[in-house]
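The values are calculated or read from the model by the stated rules, or taken from the named source; none is laboratory data. Not measured: the values here are computed from a predicted model. Cβ sites come from the backbone with ideal geometry, for glycine too, and all protein chains shown count toward neighbours.
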Amino acid sequence: VDGLFWVNVFSRWVHVVSAVVAVGGLVFLAGALLPGAVPGSSMLGGALQRFKRLFHMAMGLLLLTGIYNLVVVVPKANALGAMKSTYHSVLGTKILLALCVFAAAFMWQAEAGRDLSAALTRKRTLLVTLVLAGLVLLLSAVLRRVWDLDPRLALP
Ligand code: HEM
């Protein structure tokens, strides 16, 4: 086990922790905080402001560690044989959808910044963000398991 192994472990850890914080935060927002929220309360405004900072931090880390994961994973994926094109198309779709999640979350934050009570009643943007985030997680799980389809790389 060399130093690079631990760098790779660290980058995956930061990637997964950031995903947990970003998606978990969105689920908490949509499923717990906003349904009972009183528009105009200063507690709500402050919570959303703090969540925005956390979410932006998680997004930056997801991008940084995602790009690092790419550098590690793409040369390996090129050696995948028959599963190579499947891996690359799932990976490409995942990255594209992840960028859509970031864009949709930005849109919701902008809507809430303009008119919070309207954003509380019209939940579409937040729901779209959540569905896309769920798909990104599904595709990430597929990526993790595609390696098993290559008999040389399969886990016992
Ligand atoms: C909403 C944003 C994102 C979420 C929720 C997310 C989530 C995840 C999760 C849960 C994993 C699996 C980690 C593991 O099993 O060890 C993963 C792996 C990965 N992610 Fe992300 N990610 C996001 C954005 C990105 C972005 C923007 C990139 C690239 C620029 C990226 C590139 C990768 C790569 C290359 C892997 C490794 C796949 C493999 O194991 O074969 N991710 N991601």
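Looking across the stretch 86-128, the residues that are closer than 19 Å to Ala141 by Cβ and hydroxyl-bearing (Ser, Thr, Tyr) come down to Thr86, Tyr87, Ser89, Thr93. Just one of the listed residues (Val71, Val136, Val131) is without any contact (Cβ under 8 Å) to a residue 12 or more places away in the chain, near the ligand (Cβ under 9 Å from one of its atoms) and in a helix (DSSP H, G or I), and it is Val71.
Screening the candidates Ala79, Ala22, Ala105 for the property of being in a loop (DSSP other than H, G, I, E, B) and of a type in the set (A, V, I, L, M) yields one hit, Ala79. In this structure, does Val7 turn out to be β-branched (Val, Ile, Thr) and within 10 Å of the ligand (Cβ to nearest atom)? In short, no.
In the stretch 109-124, is there at least one residue being touching a Leu at 6+ places or on another chain (Cβ under 7 Å) and within 12 Å of the ligand (Cβ to nearest atom)? Within the stretch 109-124 (the criterion being touching a Leu at 6+ places or on another chain (Cβ under 7 Å) and within 12 Å of the ligand (Cβ to nearest atom)), the answer is no, since none of the residues qualifies.
The selection criterion, being surrounded by 15 or more Cβ atoms within 10 Å (Cβ to Cβ) and of a type outside the set (Asp, Glu), holds for Leu80. Against the criterion of being buried (at least 17 other Cβ atoms within 10 Å of the Cβ), at pLDDT below 95, more than 16 Å from Ala30 (Cβ to Cβ) and not hydroxyl-bearing (Ser, Thr, Tyr), Leu48 does not qualify.
Residues in the stretch 33-45 that are surrounded by fewer than 17 Cβ atoms within 10 Å (Cβ to Cβ) and either outside any loop (DSSP other than H, G, I, E, B) or of a type in the set (Phe, Trp, Tyr) (or both) were compared, and the one that is farthest from the ligand (Cβ to nearest atom) is Ser42. So in the stretch 46-68, with the set limited to residues that are in contact (Cβ under 8 Å) with a residue 12 or more places away in the chain and farther than 21 Å from Ser140 by Cβ, which one is farthest from the ligand (Cβ to nearest atom)? Step by step, filter the stretch 46-68, then rank; the result is Ala47.
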